[in-house]
Amino acid sequence: MAQHNDLGRLGESLAKTHLEQAGYEILDENWTHGKAEIDLIAYKDKVIIFAEVKTRTGTGFGEPEDFVDTRKQKLLADAAAEYIFLMDHQGEVRFDIIAILFKNETSYRLNHIEDAFWPSA
């Protein structure tokens, strides 16, 4: 298995734990629709949160959150629209980014960016 896949899974696990400890209910993990995958779907205060987790080991090419470009945002929005339809959710939604930057194998920084973007139609 590729090392970057292991790192991504570790990041998603840390993000899930972070959300749970902050009082979020996890509704789904790695939910797919078409070509899009939503890493974590959570619920808190009547809001569905679609969270994209980005995990990196360095900032040579930018911060982890910089990798959620407009193309990725569009894919997430399309998948989120389908999820909202299937769940018949009538309330608010939010798109978050959880950026995790590892300094070494045991030390990392987690940055939860709430309402990180609103994809354009």
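Throughout, read-outs are computed from the coordinates displayed, never taken from laboratory work. All values derive from a computational prediction rather than experimental measurement. Quick reminder, even Gly has a Cβ in these numbers, built from the backbone with ideal geometry, and neighbours come from all protein chains shown.
For the stretch 53-121, count all C-alpha to C-alpha pairs, find those more than 18 Å apart, and express that count as a whole percent of the total. Intermediate results must be reported in sequence, preceding the final value.
Values: 1074 of 2346 pairs.
Every Cα pair in the stretch 53-121 considered, those over 18 Å come to 46 percent.
Given a cut-off of 18 Å, name the pairs among LYS54/LYS74; LYS54/LYS103; LYS16/LYS103 whose C-alpha atoms lie farther apart than that in the structure shown. In this structure, LYS16/LYS103 exceed 18 Å between Cα atoms.
Legend: calculated FRET efficiency, THR32 to ASN104, from the Cβ-Cβ distance at R0 = 41 Å, rounded to 0.05, equals 0.80.
The coefficient of translational diffusion for the stretch 3-113, derived via Stokes-Einstein from the alpha carbon Kirkwood radius under 37 °C and 0.692 mPa s, stands at 229 µm²/s. A protection proxy built from the mean count of other Cβ atoms within 10 Å ranks the segments 29-41, 105-117, most packed first, as 29-41, 105-117.
On the beta carbon distance between GLN90 and HIS112, with R0 = 22 Å, the FRET formula returns roughly 0.30. Its Cα gyration tensor gives the stretch 11-60 an equivalent ellipsoid. The semi-axes, each the square root of 5 times an eigenvalue, are 20, 16, 8 Å from largest down.
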